[in-house]
Amino acid sequence: DTTGLPASYTFQVADSGAHRFEGVVFPRAGAFRIGAREKSGLMRADGNPTVVRDQAPQDRLYWGDIHTHTMYSDGRGTPDETYDFGRRISALDFAAVTDHSFLVEDWMWDELKKSAGRFNQPGRYVTFLAYEWSGQSDVGGDHNVYTTDEDMPIVRCYSYFNYENLRMYHGPNKGANHVDDLFRTLTPRFRNENLMVIPHYGGRHGNPAFHNPQLQRNIEIVSDHRRSEDWASKFLENGWRLGIIGSTDQHAGNAGFGVRRAGTKGGEEGEVFEPSSPAENGTAMVAVYAPGLTREAIFQGLYHRRTYATTGTRIILDFTVNGAPMGSEIRTSEPPKITASAEGTARIKLLRVVKNGKVVYSISPGGLSAKLTFQDGSGDYNRKYYYIDLVQEDGKKAISSPIWVN
């Protein structure tokens, strides 16, 4: 049923998983939250927010988990089981399996390609062929490689792992032993923005000393490992223009459903990072604004940084500077005008404007919805980046991609 609306639906659960309602129409624009209750009334839950508009928007909001592992590297379950869980249980719009390439044999890579192809259903559920290049931090650290193509070579790293490990790939392809070598290997295959490389904290955290602006377009800021604002900020401080994503990095075969707590290190006074606490729980998801649910459309949303990260809940967040969407690069001779709106999955504790790593404006809405407008009248807005940091009362967060000014 829907709060304040006359419509209601009754259905009997035939099996576990997500139930898709077709043809649901809201009678007016606004923010809605759909509730579900079990027939006896003993169980009830409220869903994530839905924003309804008077006219169809150019871009819609899609949810995904693009960092998962299976039994083909150091996880559990098959690629098919992982994709099926993401579609049927987690109700994801898009997903990717990113098994560690140094553990993936050639026959496994063939199966991973077939699985991604089988589960890709434009308009319903999108999958990407991907892998994790795992190098020690001094040679670049962990990076996931994604493509819109149905096929690509898999590149392995041998800089850290023991040749005596029988689980490793022992074939003739020696791969790339430095992330710069990975970039050089991938560049000849880059066309029409079909490839992307995303660093993450992981077991061997990505190194901000190395960057390729054509290929490295986002950074994974939250996962089952931890909330990594402190680590990711070093990339932005270096001037790298990276969008913000989250994904689980889960190893249980459950795309879209992480299992670990995610804390963060404390920051200096005035910075955006809070100390770890029991309330700061959750895992990670990536939200993408895109014109449609296809590989190409979702990938373009990722590539052009129309993204934000959450700690596992489907918080709706929108953010502009002078009308330009998150991920943009703009020029202005006037004080930048920042606007943001949000619909939470719990009461919103803080909605903050962050400028080059420091909070410059903050409101405490206290409700499920929030809006802010802030004009930076400091006169200091050259070579600056702005983003939105949202904190709910339940500890869940959303972090937008930056917008770069001048």
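The values are calculated or read from the model by the stated rules, or taken from the named source; none is laboratory data. Everything quoted here is computed from the prediction, not taken from an experiment. With ideal geometry, Cβ positions are generated from the backbone for all residues, glycine too; neighbour counts draw on all protein chains shown. Just the protein is used for accessible areas: all its heavy atoms, side chains included, with ligands, DNA and RNA removed. Shrake-Rupley method; radii C 1.70, N 1.55, O 1.52, S 1.80 Å.
Structure data summary
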item: Residue match in segment 40-57 (condition: within 23 Å of the chain's Cα centre (by Cα) and part of a loop (DSSP other than H, G, I, E, B)); result: yes
item: Residue within segment 340-349 that is open to solvent by less than 10 Å² (accessible area, probe 1.4 Å) and over 27 Å from residue 198 (Cβ atoms) present; result: yes
item: Count of segment 67-94 residues which are part of a helix (DSSP H, G or I), at pLDDT below 95 and closer than 24 Å to residue 167 by Cα; result: 0
item: Unmet criterion (only one of (1) crowded, with 20+ Cβ neighbours inside 10 Å; (2) over 19 Å from residue 327 (Cβ atoms)) for residue 188; result: (1)
item: Of the criteria (1) open to solvent by 60 Å² or more (accessible area, probe 1.4 Å); (2) out of contact with any strand residue (DSSP E or B) (no Cβ under 9 Å at 6 or more places or on another chain), which one residue 38 fails; result: (2)
item: Residue pairs meeting the criteria (Cβ under 6 Å; at least 6 apart or on separate chains; first touching a residue at least 12 places away in the same chain (Cβ under 8 Å) and among the aromatic types (Phe, Trp, Tyr), in segment 98-125; second assigned to a helix (DSSP H, G or I) and open to solvent by 60 Å² or more (accessible area, probe 1.4 Å)); result: 125/87
item: Of all residues in segment 192-213 being touching a Ser or Thr at 6+ places or on another chain (Cβ under 7 Å) and more than 20 Å from residue 287 (Cα to Cα), the one that is most open to solvent (accessible area, probe 1.4 Å); result: 205
item: Condition check for residue 352: basic (Lys, Arg) and surrounded by 14 or more Cβ atoms within 10 Å (Cβ to Cβ); result: yes
item: Flag if residue 124 is touching a strand residue (DSSP E or B) at 6+ places or on another chain (Cβ under 6 Å), open to solvent by 40 Å² or more (accessible area, probe 1.4 Å) and at negative phi; result: no
item: Of residues in segment 14-35 being out of contact with any Ser or Thr (no Cβ under 8 Å at 6 or more places or on another chain), at pLDDT 60 or above and of a type in the set (A, V, I, L, M, F, W, C), the one least open to solvent (accessible area, probe 1.4 Å); result: 29
item: Condition check for residue 131: open to solvent by less than 10 Å² (accessible area, probe 1.4 Å), in contact with an Asp or Glu (Cβ under 9 Å, 6 or more places away or on another chain), within 18 Å of residue 72 (Cα to Cα) and at pLDDT 95 or above; result: yes
item: Residue check, residue 385 open to solvent by 10 Å² or more (accessible area, probe 1.4 Å), modelled with pLDDT of 95 or more, in contact with a helix residue (DSSP H, G or I) (Cβ under 7 Å, 6 or more places away or on another chain) and not in a loop (DSSP other than H, G, I, E, B); result: yes
item: Matching residues in segment 357-374 - criterion: being surrounded by fewer than 16 Cβ atoms within 10 Å (Cβ to Cβ) and not β-branched (Val, Ile, Thr); result: 358, 362, 364, 366, 367, 371
item: Members of segment 305-327 that are under 22 Å from residue 286 (Cα atoms), surrounded by fewer than 21 Cβ atoms within 10 Å (Cβ to Cβ) and out of contact with any Pro (no Cβ under 9 Å at 6 or more places or on another chain); result: 313, 320, 324, 325
item: Residue 148 being touching a helix residue (DSSP H, G or I) at 6+ places or on another chain (Cβ under 7 Å) and open to solvent by 10 Å² or more (accessible area, probe 1.4 Å); result: yes
